[in-house]
1. Quick check: is even one residue across the range 92-99 free of Cβ contacts under 8 Å to residues at least 40 places away in the same chain and aliphatic (A, V, I, L, M)?
2. Among the residues of the range 1-20, count how many are loosely packed, with under 14 Cβ neighbours inside 10 Å, modelled with pLDDT under 85 and of a type in the set (A, V, I, L, M, F, W, C).
3. Only one residue in Ala95, Ala86, Ala44 is surrounded by 12 or more Cβ atoms within 10 Å (Cβ to Cβ) and more than 16 Å from the ligand (Cβ to nearest atom), so which one is that?
4. Just checking, how many residues over the range 56-83 are within 16 Å of the ligand (Cβ to nearest atom) and either loosely packed, with under 13 Cβ neighbours inside 10 Å or not in a loop (DSSP other than H, G, I, E, B) (or both)?
5. Does at least one position in the range 21-39 carry a residue that is aliphatic (A, V, I, L, M), within 16 Å of the ligand (Cβ to nearest atom), in contact (Cβ under 8 Å) with a residue 40 or more places away in the chain and outside any loop (DSSP other than H, G, I, E, B)?
6. With respect to the numbered conditions (1) touching a helix residue (DSSP H, G or I) at 6+ places or on another chain (Cβ under 7 Å); (2) at pLDDT below 95, which one is the sole condition not fulfilled by Ile60?
7. Read through the list (1) of a type outside the set (Ser, Thr, Tyr); (2) loosely packed, with under 13 Cβ neighbours inside 10 Å; (3) under 30 Å from Cys84 (Cα atoms), then give the number of the only condition that Phe29 fails.
Amino acid sequence: MPLHAPGNEPGLHVCALCGNAELYKKKDFPHWLGLTILTVACLASIIPYWLYHQWLTWTILIGSALVDGLLYLWVGDVVVCYRCGAHYRRLTPGAEHKPFELGIAERYRLERLRREQLQTAKKQQKNGEW
Ligand SMILES: [Zn+2]
């Protein structure tokens, strides 16, 4: 689905689901798979290292680094909403889409926690538990 901003500028400026303007870009690649490749390469290099096959050890480690680099170049970007976590693929991130920032994500996490606390308090108030 092509997404366009109200001012006829192509691109995504606000989240189509929640209207939030704070979006970030990241590689469209699962973190668990990257960590699995790294872990398998490290574990696989232990045995040749233990057997004093240094060239095989380096081949495994450098080969995994090359695979990681090729995946980085091959995998595209995805734009993600900080508030609702919606993922937008198949669009080119613009200059306004910065990489992930932990401080901004923490602000939205606290907002979500406050909202859940308010909902819990309302339920308890409704049930007469106050
Ligand atoms: Zn959103």
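1. The answer is yes; a qualifying residue exists.
2. Quick first cut of the range 1-20, residues loosely packed, with under 14 Cβ neighbours inside 10 Å only: 1-2, 4-10, 16-19.
Checking the rest, the ones that are also modelled with pLDDT under 85 come to 1-2, 4-10.
In the following step, the residues that additionally are of a type in the set (A, V, I, L, M, F, W, C) were identified as 1, 5.
Residues meeting the conditions: 2.
3. Result of the check over Ala95, Ala86, Ala44: Ala44.
4. Of the residues in the range 56-83, 4 are within 16 Å of the ligand (Cβ to nearest atom) and either loosely packed, with under 13 Cβ neighbours inside 10 Å or not in a loop (DSSP other than H, G, I, E, B) (or both).
5. Within the range 21-39, one or more residues are aliphatic (A, V, I, L, M), within 16 Å of the ligand (Cβ to nearest atom), in contact (Cβ under 8 Å) with a residue 40 or more places away in the chain and outside any loop (DSSP other than H, G, I, E, B).
6. Going through the list (1) touching a helix residue (DSSP H, G or I) at 6+ places or on another chain (Cβ under 7 Å); (2) at pLDDT below 95, Ile60 breaks only (2).
7. (2)
The values are calculated or read from the model by the stated rules, or taken from the named source; none is laboratory data. Predicted model only: the values in this text are computed from it and were never measured. Counting neighbours? That spans all protein chains shown, and the Cβs are built from the backbone with ideal geometry, glycine included.
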